[in-house]
Amino acid sequence: LIQTNLIVMLEKFKIHALPIYGFMLDGLDLSSTNSLMPMCILMGNESHGISRELYPYITHKVKILGKGNAESLNVAVATGIALNCLV
């Protein structure tokens, strides 16, 4: 866990060509994604998603496919699913 300026950290990932996974509605199915280590995972809140200022840093847009009529996942649950699939 790191507490830092997010833009500064993403710049470091970008300089070293490390993947940055952004969880977005227009992303590819997470289950079809091959994870790359090390990586950065960006999660947004349920109503607004990831901040637009972070979009230029995202190298892999992904999403968690759902079943039924659920509108969204709690960010903690979504992060758990992401970590299970990517790590």
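Please give me, ordered by residue number, the chymotrypsin sites (Phe, Trp or Tyr not before Pro) of the chain that lie in loop per DSSP and have at most 15 other Cβ atoms within 10 Å.
Answer by residue number: there is no such site.
Each label point was placed 7 Å from the Cα along the Cα-to-Cβ direction; for Val8 and Tyr55 their separation is 2.6 nm.
Working from Cα pairs under 8 Å separated by at least six residues, relative contact order for the chain is 36 percent.
Over the residues of the chain, the helix contribution to mean residue ellipticity at 222 nm works out to -7500 deg cm²/dmol, using -39500 (n - 2.57) for each DSSP H run of at least 4.
Put a dot 7 Å past the Cα of His48, heading toward its Cβ, do the same for Cys85, and the two dots end up 2.5 nm apart. Between the amide H of Gly44 and those of Phe23, Ile50, distances stay under 5 Å, these residues lying 5 or more places away or on another chain, with hydrogens modeled in the peptide plane.
Phi angles of the stretch 55-67 translate, via the Karplus equation with coefficients 6.51, -1.76, 1.60 and θ = phi - 60°, into HN-Hα couplings of 3, x, 8, 6, 9, 9, 8, 9, 8, 9, 6, x, 10 Hz per residue; Gly and Pro are given as x. How would the chain be classified by its alpha-carbon gyration tensor: rounded, prolate or oblate, with rounded meaning a/c under 1.5 and the a/b versus b/c comparison settling the rest? Cα axes put the chain in the prolate bin. Ordering 31-37, 68-74 by mean Cβ neighbour count within 10 Å, with the highest value first, yields 31-37, 68-74. DSSP assigns beta bridges within the chain; of those with both partners inside it, close to 10 percent run antiparallel. Among the protein heavy atoms of the chain, carbon and sulfur supply 56% of the accessible surface, probe 1.4 Å, non-protein parts ignored.
The residues packed around Tyr21, meaning those with a beta-carbon under 11 Å from its beta-carbon, carry a net charge of +2 if Lys and Arg are +1 and Asp and Glu are -1. Using the 1.4 Å probe convention, the accessible area of the chain works out to 72 Å² per residue with neighbouring protein chains retained.
Using the Karplus relation 6.51 cos²θ - 1.76 cosθ + 1.60 with θ = phi - 60°, the per-residue 3J(HN,Hα) values for the stretch 5-14 come to 5, 4, 4, 4, 5, 5, 4, 5, 4, 5 Hz, with x marking Gly and Pro. In a reduced charge model with +1 at each Lys and Arg Cβ and -1 at each Asp and Glu Cβ, the chain shows a dipole moment near 160 debye about its Cα centre.
Between Ser31 and Ile64, the distance separating the two model label sites (each 7 Å from Cα on the Cα→Cβ line) works out to 1.4 nm.
The values are calculated or read from the model by the stated rules, or taken from the named source; none is laboratory data. What you are looking at is a predicted structure, and each value in this text was computed from that prediction instead of being measured. Every residue, glycine among them, receives a Cβ derived from its backbone with ideal geometry; neighbour counts consider all protein chains shown. Note: accessible area is taken over every heavy atom of the protein model, side chains too, but ligands, DNA and RNA are not part of it. Shrake-Rupley method; radii C 1.70, N 1.55, O 1.52, S 1.80 Å.
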